[in-house]
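One structure is given here, and the rest of the page talks about it.
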Amino acid sequence: MSFEIKPLAAGLYFVATPIGNARDITLRALDILASADVLAAEDTRTLRKLMEIHGIALKDRKIIAYHDHNGERARPGLLKLLNEGKSVAYASEAGTPLIADPGFALCRDALNEGMKVTTAPGPAAFVTALSISGLASDRFLFAGFPPASKGTRRSFFAQFTDLQATLGFYESPKRIHKTLSELCDIYGDNRQAAICRELTKKFEEVRKGTLAELCESLENSPVKGEIVLLVERGSQTVADLEDLEQMIKEQLQTQSVKDVAAEVAEKFGLKRRDVYQKALEIHKGQNEDE
Ligand code: SAM
């Protein structure tokens, strides 16, 4: 037996569960699942199956459902059990509870009522992706699922444009192409990114390239399964304005505004749209002078 049944102090225990491979569970998580007075889960069937795989008996315990659709109704019952001195283990469907998953309100309310709240930490898809993507991991921002509605998506993405941190999004295979093409428009074609899918599972894949390359690759070879999208931080190249203007002026002698914008943006690591505006201003100025 690889877990121990031992008395647990009263309190709420958030238990992280695997994001694919069932063996990515910690021994302590198994101890808690085996020993807690009360089990609660976002998806009761998934937790039951996980416990079966690891040989943990439910005994006379039921698994209480606690998810986004019944949280308001189910929370008072769980808080009552905690107030009665019970140990309550809570697992989300996969990965770490509260990370794009339920648990925040339960945690907040349990803390407000003076309960012990602790966790058996474990996998989270975003951190797993970051650790194998080859993108900078010293500073990162987890942005969760992008909003679905057209009106809010642009401002959602735009708020991170210049952030000096690797960005992480959760995305569905149905929307990943749309998201990448919107990101090309907002962040520019050239930022490095990684589609990290089916992590820890049979078809695990990390597909890397610029935003534009990834967008194109999806057109030829669409992806299935669960996805984390990572995007490189905004460029730190602060172009010297005089150098930039000088280069634009020189190139406008022989090339169109569009071509100049593309070339100069590439060289200085800037967004093509911004350089286009600058090139257009200079071009108009040059025409007025003549
Ligand atoms: N709590 C989870 C965690 O700690 O990562 C996240 C739950 S969220 C509801 C589910 C999303 O996480 C999926 O739609 C996908 O974007 C991402 N995800 C979960 N498992 C994954 C995996 N094995 N590979 C890639 N992405 C995964």
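Data for the structure
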quantity: Residue check for Arg139: open to solvent by less than 20 Å² (accessible area, probe 1.4 Å), under 17 Å from the mean Cα position of the chain (by Cα) and either in the same structural domain as Arg75 (by TED's automatic domain parsing) or of a type in the set (D, E, K, R) (or both); calculated: no
quantity: Checklist (1) touching a His at 6+ places or on another chain (Cβ under 9 Å); (2) within 23 Å of Ala110 (Cβ to Cβ) applied to Ala22, failing item; calculated: (2)
quantity: Residue ID - nearest to the ligand (Cβ to nearest atom), chosen from residues in segment 161-191 that are in contact with a Ser or Thr (Cβ under 9 Å, 6 or more places away or on another chain) and of a type in the set (A, V, I, L, M, F, W, C); calculated: Phe169
quantity: Positions within segment 145-158 being surrounded by fewer than 15 Cβ atoms within 10 Å (Cβ to Cβ) and touching a strand residue (DSSP E or B) at 6+ places or on another chain (Cβ under 9 Å), in sequence order; calculated: Phe145
quantity: Set Leu39, Leu8, Leu33, Leu12: member being assigned to a helix (DSSP H, G or I) and in contact (Cβ under 8 Å) with a residue 24 or more places away in the chain; calculated: Leu33
quantity: Subset of segment 111-139 [without any contact (Cβ under 8 Å) to a residue 40 or more places away in the chain and either of a type in the set (Gly, Ala, Ser) or within 16 Å of the ligand (Cβ to nearest atom) (or both)]; calculated: Gly114, Val127, Ser131, Ser137
quantity: Single condition Ala158 does not satisfy, out of (1) within 13 Å of the ligand (Cβ to nearest atom); (2) over 28 Å from Leu27 (Cα atoms); calculated: (1)
quantity: Candidate set: segment 85-110, residues that are in contact (Cβ under 8 Å) with a residue 40 or more places away in the chain and open to solvent by 60 Å² or more (accessible area, probe 1.4 Å); chosen: the one farthest from Leu47 (Cα to Cα); calculated: Lys86
quantity: Given (1) away from the ligand (no atom under 14 Å from the Cβ); (2) at positive phi, index of the condition Glu198 fails; calculated: (1)
quantity: Ala22 closer than 20 Å to Thr119 by Cβ, assigned to a loop (DSSP other than H, G, I, E, B) and of a type in the set (Gly, Ala, Ser); calculated: yes
quantity: Lys6, sole failed condition from (1) modelled with pLDDT of 95 or more; (2) charged (D, E, K, R); (3) under 24 Å from Met115 (Cα atoms); calculated: (1)
quantity: Any chance Asp24 is touching a Ser or Thr at 6+ places or on another chain (Cβ under 8 Å) and closer than 29 Å to Glu198 by Cβ; calculated: yes
quantity: Test for Thr118: is it of a type in the set (Ser, Thr, Tyr), open to solvent by less than 50 Å² (accessible area, probe 1.4 Å) and in contact with a strand residue (DSSP E or B) (Cβ under 7 Å, 6 or more places away or on another chain); calculated: yes
quantity: Residues (open to solvent by 50 Å² or more (accessible area, probe 1.4 Å) and in a helix (DSSP H, G or I)) located in segment 201-236; calculated: Glu213, Glu216, Glu219, Asn220
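Residue-wise test of (1) farther than 17 Å from Gly134 by Cα; (2) in contact with a strand residue (DSSP E or B) (Cβ under 8 Å, 6 or more places away or on another chain); (3) modelled with pLDDT under 95.
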site: Leu183; (1), (2), (3): yes, yes, no
site: Arg207; (1), (2), (3): no, yes, no
site: Val228; (1), (2), (3): no, yes, no
site: Val238; (1), (2), (3): yes, no, yes
site: Val260; (1), (2), (3): yes, no, yes
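The values are calculated or read from the model by the stated rules, or taken from the named source; none is laboratory data. Everything numeric here is computed off the predicted structure, so don't read it as measured data. Using ideal geometry, Cβ is built from the backbone for each residue, glycine included, and neighbour counts are taken over all protein chains shown. Heads up: the accessible areas ignore ligands, DNA and RNA and are worked out on the full protein's heavy atoms, side chains in. Shrake-Rupley method; radii C 1.70, N 1.55, O 1.52, S 1.80 Å.
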